[in-house]
1. Can you put 144, 73 in order, fewest other beta carbons within 10 Å first?
2. Looking at the chain, send over the antiparallel percent of its DSSP beta bridges, to the nearest 5.
3. If you rank 167, 181 by fewest surrounding Cβ atoms within 10 Å, what's the result?
4. Once fully extended, how much extra length lies between residue 66 and residue 130, figured as 0.36 nm per residue of separation less the alpha-carbon to alpha-carbon distance?
5. For region 74-134, list log₁₀ I(q)/I(0) at each q in 0.15 Å⁻¹, using the Debye formula over Cα point scatterers of equal strength and ignoring solvent, two decimals each.
6. If I fit a long axis through the Cα atoms of helix 112-126 and take the longest principal axis of the Cα atoms of the chain, what angle between them do I get, 0 to 90°, rounded to 10?
7. So if we plug the beta-carbon distance of residue 78 and residue 27 into 1/(1 + (r/R0)^6) with R0 = 35 Å, what FRET efficiency do we get, rounded to 0.05?
8. Evaluate the distance, in nm, between pseudo-label points positioned 7 Å from the Cα of residue 86 and of residue 48 along their respective Cα→Cβ axes.
């Protein structure tokens, strides 16, 4: 009887280990198009046309000063219809020093003005050099950086580096973050 119970425990343990291994192996598939919902969810491990980088690679590029860093985290601006005298405390954003914050450019569907803002921002920070390394990020498990990196590839940028761990991975590595302000849009 004791041997039977031990066998059952071993079988259950192996089954659980197999299930766990299958869950870890079951990566989030890379979609053909942009993600338009559930932006805070596990992301794919790949992005066709871009290089996926880890924190150590992002840090090396940052220290070398050879790449343009683009933060695409959304930004909630002060509502235009707030009564005069209302105190507004926007949520602060800390990002990788030297980054350009192209806020709201990682959604799946962009308004024409936002798409133009993204394209113009990339053009400005690369000096028009579509071969310059562009590191795109926001936070870990954030589809917005995946979408934005995919969009940069579609705009003809040949050296897009997607940094999926973003500011979460950067901060966990003890690397510096600085207070950020979104790049102004042409109409602002």
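1. Values: 144 27, 73 24.
Ordered by Cβ neighbours within 10 Å, fewest first: 73, 144.
2. Details: 4 of 16 bridges.
Taking every DSSP beta bridge with both residues in the chain, the antiparallel ones total about 25 percent.
3. On the way: 167 23, 181 11.
Going from least to most buried by this count: 181, 167.
4. Details: separation 64, 0.36 × 64 = 23.04 nm, distance 1.33 nm.
Stretched out fully, the residue 66 to residue 130 stretch lengthens by 21.7 nm.
5. -0.64
6. Helix 112-126 sits roughly 90 degrees off the main axis of the chain.
7. Numbers: r = 40 Å, r/R0 = 1.13.
Efficiency at R0 = 35 Å is approximately 0.30.
8. Those two pseudo-labels are separated by 4.5 nm.
Every read-out reported here was derived from the displayed coordinates using simple, explicitly stated rules and does not represent laboratory data. Bear in mind that the values here come from a model prediction, so they are computed numbers and not experimental data. Methodologically, a virtual Cβ is constructed for each residue, glycine included, from the backbone with ideal geometry; neighbour enumeration extends over all protein chains shown.
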